[in-house]
Amino acid sequence: MSRIETTFSALKAQNRKALIPFVTAGFPFANITPDLMHGMVEGGADVIELGVPFSDPSADGPVIQKAGDRALALGIGLVQIIAMVKKFREGNNTTPVVLMGYANPIERYDQKHGEGRFVSDASAAGVDGVLVVDYPPEECEAFATELRAHNMDLIFLLAPTSTDERMQQVAQVASGYVYYVSLKGVTGAGTLDVGQVEAMLPRIRTHVSVPVGVGFGIRDAETAKAISKTADAVVIGSKIIQLIENEPHEKVIAVATSFLRTIRKALDA
């Protein structure tokens, strides 16, 4: 079992839901990410999603785009992010880490370092899963197989517009969990419709056997708690980015940790 599978299995046994915070790697300071990851675990994170900054994102709203631009200006790429995960693993060997981003940086990494090196290097550093926004399921069966051979999971997005056929395609290659985008639009956009999510998740589960996380639009404890009644996991990103973007270095971790504690308390209530 991968670390992701182990984590969700343990949470299910405890009748608890997973809290999955997202933060852009190298944001808001180039050297803060490993310590920030430890702070998020202290705040109650069960899985951590690390955003891989990319110059031309298609799913990220203005908040995460701005964070990515800032990280890119600080020289953050996959080489640095893999090193960050390795550093985090020096003090934590249990919390799953998922890299979330786009195809271009991964394919460029292999061009520069050798075919298959992204998977082998990420695995060696302690990465547990990869979510590539612009990899359609029908085109990455080989990539999924390669990841699983390294005990890593390939995670996919599903959306309100996903058809039953698309869900079946995702189910054939997805592992770890699937990430349901709770609204039509980019990260941080719009107001989440809890009723729509509650109606959609049973439909997803008729096709997908892995846990279902919900994100895009969850910004507070009340909404997180409402979503957790039907979802297996709650994903929060843009709100965390907003909370820490203007904080001085010495306050970033405390602010993020404190916010996540409020979400964890609501999920466990």
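The values are calculated or read from the model by the stated rules, or taken from the named source; none is laboratory data. These numbers were taken from a predicted model, which means no experiment stands behind them. Positions of Cβ are backbone-derived with ideal geometry, glycine not excepted, and every protein chain shown enters the neighbour counts.
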Quiz item: Within region 80-104, restricting attention to residues that are surrounded by 14 or more Cβ atoms within 10 Å (Cβ to Cβ) and β-branched (V, I, T), which residue is nearest to F143 (Cα to Cα)?
Solution: V98
Quiz prompt | Boolean, D134 is in contact with a Ser or Thr (Cβ under 7 Å, 6 or more places away or on another chain) and farther than 20 Å from M200 by Cβ | solution = yes
Exercise. Quickly run through region 47-75 and pick out the residues that are in contact (Cβ under 8 Å) with a residue 60 or more places away in the chain and closer than 18 Å to K86 by Cα.
Key: V47, E49, G51
Practice problem: Identify the residue in region 245-269 that is part of a helix (DSSP H, G or I) and without any contact (Cβ under 8 Å) to a residue 12 or more places away in the chain and, among all such residues, is surrounded by the most Cβ atoms within 10 Å (Cβ to Cβ). | Solution: K251
Quiz item: Only one of these conditions is not met by V214: (1) of a type in the set (A, V, I, L, M); (2) more than 22 Å from A25 (Cβ to Cβ); (3) assigned to a helix (DSSP H, G or I); (4) touching a strand residue (DSSP E or B) at 6+ places or on another chain (Cβ under 6 Å). Which number is it?
Solution: (3)
Quiz item: Which of the helices (runs of 4 or more DSSP H) contained wholly in region 20-94 include at least 2 residues that are modelled with pLDDT under 95 and under 20 Å from G217 (Cα atoms)?
Solution: 62-73
Quiz item: Among the listed residues E107, E115, which satisfies the condition of being of a type in the set (D, E, K, R), part of a loop (DSSP other than H, G, I, E, B) and surrounded by fewer than 17 Cβ atoms within 10 Å (Cβ to Cβ)?
Solution: E115
Exercise. Scan region 152-167 and give yes if some residue there is in a helix (DSSP H, G or I), surrounded by 16 or more Cβ atoms within 10 Å (Cβ to Cβ) and touching a Leu at 6+ places or on another chain (Cβ under 9 Å), otherwise no.
Key: yes
Quiz prompt | Residue check for T145: of a type in the set (S, T, Y), closer than 23 Å to A18 by Cα and surrounded by fewer than 19 Cβ atoms within 10 Å (Cβ to Cβ) | solution = no
Exercise. Check A45, A30 and return the single one that is closer than 18 Å to A254 by Cα and surrounded by 18 or more Cβ atoms within 10 Å (Cβ to Cβ).
Key: A45
Exercise. Among the residues of region 230-244, write down those that are assigned to a helix (DSSP H, G or I) and either modelled with pLDDT of 95 or more or surrounded by fewer than 22 Cβ atoms within 10 Å (Cβ to Cβ) (or both).
Key: K239, I240, I241, Q242, L243, I244
Practice problem: Could you tell me which numbered condition P136 fails, if it satisfies all but one of (1) at pLDDT 95 or above; (2) within 25 Å of D56 (Cβ to Cβ); (3) surrounded by fewer than 17 Cβ atoms within 10 Å (Cβ to Cβ)? | Solution: (1)
Quiz item: Which ones in region 168-184 are assigned to a loop (DSSP other than H, G, I, E, B) and in contact with a His (Cβ under 7 Å, 6 or more places away or on another chain)?
Solution: none
